[in-house]
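What follows is one structure encoded as structure tokens, with my remarks underneath.
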Amino acid sequence: MTAATLSKKRLQEAKQAVYRNHILDVGEEVFAELGYEGTQVKMVAAQAEISLSTLYGHFKNKMELYRGVHARRLNELMPQLNTVGREQSDPLAQIVVAVEIYIRFHMENVNYLKMHLREGNAWSQANGLYSPEQLVNWQRGLETMAGTFKAGMKQGIFVKDNPMLAARTTNAIHQVALSQWVEDGMKMSPEKFLPRLHSQFIRSFCVPKKISQYLKQYGPENR
């Protein structure tokens, strides 16, 4: 392959990547507004100001576009979450840091957050998850959190209970908190939002004799 041919090929690939990301951005926005069932591919094409054939050149149907939106965001989020276990040894710190990464990500990618909220399914359950990308990462995240709860219960950090139930309840707390944040106009910054969420988590799951200690460490009083 000549230098000119290689340069032309790279330029074409770059253009295709720009088109693909533009379609994903617009698709995410439309899914956030209308939900999966309410979205039509032609709506995405119209809002993206491209032809339907151009969109189908990148995504063959609505489900593939929907999966593409999730795959892109999860490819951004999951590597960040996967570092937590290696960098934090304390179970409470692991959950706190993971929650900070997860919540910040969704507060910074509001349309992606609204996609989750629009579907109306409980974050504590797999029902209503359309794409394999969602399901696989939801299950993996839940199992990881349950394992962290189990370790923390053994160490006397968390009240002894069913670790999986604790993980599911934590997901539900996140859903309610982020839903309220959206309803309130998304005005509160992560710096104010997160310590309040940590405080709620600590009061819900940590052993009573250590709550004051952990609140001083992670709660609003320390921010």
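The values are calculated or read from the model by the stated rules, or taken from the named source; none is laboratory data. Everything numeric here is computed off the predicted structure, so don't read it as measured data. Backbone-built Cβ (ideal geometry, glycine too); neighbour counts: all protein chains shown.
Within segment 151-193, count every residue that is polar (S, T, N, Q) and assigned to a helix (DSSP H, G or I). Lay out the reasoning, then the answer.
Filtering segment 151-193 down to residues polar (S, T, N, Q) leaves 155, 162, 169-171, 175, 179-180, 189.
Now drop any that are not assigned to a helix (DSSP H, G or I), which leaves 169-171, 175, 179-180.
Total meeting the criteria: 6.
Summed over segment 57-109, residues that are outside any helix (DSSP H, G or I) and basic (Lys, Arg) total 1.
Per-residue answers, yes or no, for (1) hydrophobic (A, V, I, L, M, F, W, C); (2) closer than 25 Å to Lys216 by Cα:
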position: Tyr112; (1), (2): no, no
position: Ala126; (1), (2): yes, no
position: Glu133; (1), (2): no, no
position: Asp161; (1), (2): no, yes
position: Ala167; (1), (2): yes, yes
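One residue stands out in segment 101-144 among those that are crowded, with 19+ Cβ neighbours inside 10 Å and charged (D, E, K, R): the one that is modelled with the highest pLDDT, namely Lys114. Checked against the criterion of being in the same structural domain as Val136 (by TED's automatic domain parsing) and not basic (Lys, Arg), the candidates Leu74, Leu24 yield just one match: Leu74.
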